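Scroll down for the structure; my scribbles are underneath it.
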Amino acid sequence: MTEAVGGAHRVRWAAARLTGSADAVSARGARRLTTSAGAVLARVVRWATAAGRWRSLPPPMAWDALLPTLLLVDIVTTRAPRELPVALALTAALALPLVWRRRAPRTVFGAVAVAALVQWLMDVPLPADIAVLVALYTAAANSGRRGALVAGAIVEAGALLACLRWATDGAFWTPFVAVTGMTVAAAVLGVNARTTRAYLAAERERAARLERDQEQQARLAVAEERTRITREMHDIVTHNLSVMVALADAAVSAQDRSPDRSTAAMLQVSETGRQALTDMRRSLGVLRTDEPDAERHPLPGIAQLESLVDQMRAAGLPTRLEVHGDHTHLPATAQLTVYRLVQEALTNALRHTPAGTRARVRIRCSAGSVTVDVTDSGPRPPLPAGTPSGHGIPGMRERSAAYGGTLRAGPLPGGGWGVHTRLHLGDGAVCA
């Protein structure tokens, strides 16, 4: 390959820059290139090293057009007039296809290989032979291992022919080994570039998949929190409004016969309303970092069932509470679940049973579980056709299912209505 063969050990270094390793090339090494091809490549290296300092590089196609341009300029400025037409045509055939190497790497490699064969047949050594290595790198970077091996074998065969014809003074092995090393390096760099590109693509896909999974989990968490808040608001609003309506009706009925009882009922209405506001503020306080009520008022639990029962008695539903076992070691969330289950069951009894109905609440704590039974003695009138079932019982089933329980709600054999469930707390939560 003309000067590229005679100075192969110097051209190897410039080829590394042309395949993407310009940072490894120093200006001192560039000055050592003394042949015509070496001078051209040194200029390429110096320009690329300076361009590497810029944060914004030219477009890929403009970058690919740099080497063909410099090779053509070198031929025009260094060749004798009588040699210029043939040398310029062969250089153009070797270098110009590199402009499209990113779009059609295999086609460009084939065109460059054919041009190199024509050059060898015409016995015209040129510095533009370096284009063969660039085309080999591009083909290996965009083909599989088999394609890289085929392209490398073609270039190696061309290197053998070039060294046999153009090696000076019978020195065959030195340039042949040097050119073979450059061929292997170009092919290996191309395969590594392809592997790295595939790895980065897989990592991007994995990152995108993880992001989608995180977004889905976030949506599920939002939906779960929305359901929780909706359930809490339903229990709070339904219970307290039912109690307030019952107390207001009792106050109206007693205002003529017993003004004292009427006044006490209205005071109880006021207290129930304030309690409802406190419960709502506490339940929604987790959504605001500046809401102090969630910290000032603990979540209601089994200890607050006595107040709940007193409230139901004042509203006109005589209720008896029985708690068996120590509940102080129960988790706060489990106690809240028990409280809400009892609250919803008593509210339904207050709303749907006639006057004179009695209710009973029994809480039994055992190792790893809590049993909740709420019964009342009043008949439940059938709902008119088309009446929506509401969210009370489905909400109780959801609360019970969160602790592995199955809720049963329905009429009792001897009359009345009953709600029964058992919450499983696991081995770590025990009611002594």
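Taking Cα pairs under 8 Å and at least six residues apart, what relative contact order does region 327-377 come out at, in percent?
Computed value for region 327-377: 32 percent relative contact order.
Report relative contact order for region 138-290 in percent, whole number only (criteria: Cα-Cα under 8 Å, sequence separation at least 6). Display every interim value, and only then the final one.
On the way: 83 pairs, mean separation 28.4, N = 153.
Averaging sequence separation for qualifying contacts and normalising by length gives 19 percent for region 138-290.
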Could you give the nm distance between label points at T278 and R145, where each point is 7 Å from its Cα heading toward the beta carbon? 7.4
Within region 152-196, find all residues whose amide N lies under 17 Å from a label point positioned 7 Å from the Cα of D123 along Cα-to-beta-carbon. 161-170
Shape descriptors of region 204-253 over alpha-carbon atoms, Rg and Dmax in angstrom, are 21.4, 72
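Roughly how many percent of the accessible protein surface of region 141-271 is carbon and sulfur, given a 1.4 Å probe and a whole-percent answer?
Carbon and sulfur: 60 percent of the exposed surface of region 141-271.
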Extension gain (nm, one decimal) between A62 and T263, 0.36 nm per residue minus Cα-Cα: 63.3 nm
The extension gain from T77 to A221, computed as 0.36 nm times the residue separation minus the Cα-Cα distance, is 44.7 nm
Using the beta-carbon distance between V252 and I393 and R0 = 51 Å, what value does 1/(1 + (r/R0)^6) give for FRET efficiency, to the nearest 0.05? 0.95
Using 0.36 nm per residue, how much length does the chain from R408 to S366 gain when fully extended, once their Cα-Cα distance is taken away? 13.2 nm
So, in nm, how far is label Y199 from label R351 when the simple model puts each one 7 Å beyond its Cα toward the Cβ? 6.3
Per-pair calculated FRET efficiency, R0 = 22 Å: A401 and D326 via Cβ, rounded to 0.05: 0.30
Provide the packing ranking of 90-101, 313-324, 222-233, i.e. peptides ordered by the mean count of other C-beta atoms within 10 Å per residue, highest first. 90-101, 313-324, 222-233
Region 97-188 - percent relative contact order, Cα under 8 Å, separation 6 or more: 29
FRET efficiency for M233 and S270, Cβ-Cβ distance as r, R0 = 25 Å, nearest 0.05? 0.75
Per-residue ³J(HN,Hα) for region 249-264, Karplus 6.51 cos²θ - 1.76 cosθ + 1.60, θ = phi - 60°, Hz, x for Gly and Pro: 4, 5, 5, 5, 5, 9, 5, 8, 7, 9, x, 5, 5, 5, 5, 5
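The values are calculated or read from the model by the stated rules, or taken from the named source; none is laboratory data. Just so it is clear, the structure is predicted and the values come from calculations on it, not from any experiment. Heads up, the Cβs are rebuilt from the backbone with ideal geometry, glycines too, and the neighbour counts pull from every protein chain shown. The accessibility values were calculated without ligands, DNA or RNA, using every heavy atom of the protein model including side chains. Shrake-Rupley method; radii C 1.70, N 1.55, O 1.52, S 1.80 Å.
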